[in-house]
Amino acid sequence: MGKRKRRNTKAVIAGAGILGVVCAAAVTIGSAGAAPKASRTHCAVNVGNEEEKCFGTPQEAKEYAEVKIKDDALGAQTGVEKPTDVVIATLFKNRRYGGASITLWGSRPCGKERDTGFYFNLPDDWKGKVSSVQGWAECEVTLYSRPYLDGVASPRFPDLTPALEGQWNDYAESIEFR
């Protein structure tokens, strides 16, 4: 009886091991078609209504924003106001335009004659994490240490800033474009 009990125990352990391998394989195969969240780190956001869609590369996010602008010239669905809507900036978590990104589009170019063209409160997972900025559509960038353009303001950064220096690297919670 002792030998039979040991054989049954070994069989149960072996069966559990095989079942575990089969379950792990099924989970791996079942999730193989789903895109991993880490690769969806490049988002396009409409600053007018905060509509957001994420992609695998910054170029895909920028192209999506440009297509949304062209396809919805009347703005009925997206809050985009007119056919002159433009991509206004891309923010990056790493220096030299690397890492995760957010591409923002809005209703018009910024231009030097305007006061605040647009502002954007960074999502919680982006607060204190912007390290480089590409401004488009004549937009210069000012970073703020708190949401809603509050707190300490940075000097204006030109359209292309591959590395935010000093205290402004990984510091901003909101951004003004003008």
- Give me I88, I69 ranked fewest to most by other Cβ atoms within 10 Å of their Cβ, as a rough exposure proxy. I69, I88
- Under a point spin-label approximation (7 Å from Cα along Cα-to-Cβ), what is the R156-N169 distance to one decimal in nm? 2.5
- Length released on extending from N94 to E60, taking residue separation times 0.36 nm less the Cα-Cα span: 10.4 nm
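Every read-out reported here was derived from the displayed coordinates using simple, explicitly stated rules and does not represent laboratory data. Note that the structure is a prediction, hence the values are computed from the model and not measured. Please note: Cβ atoms are built from the backbone with ideal geometry, for glycine as well, and neighbour counts cover all protein chains shown.
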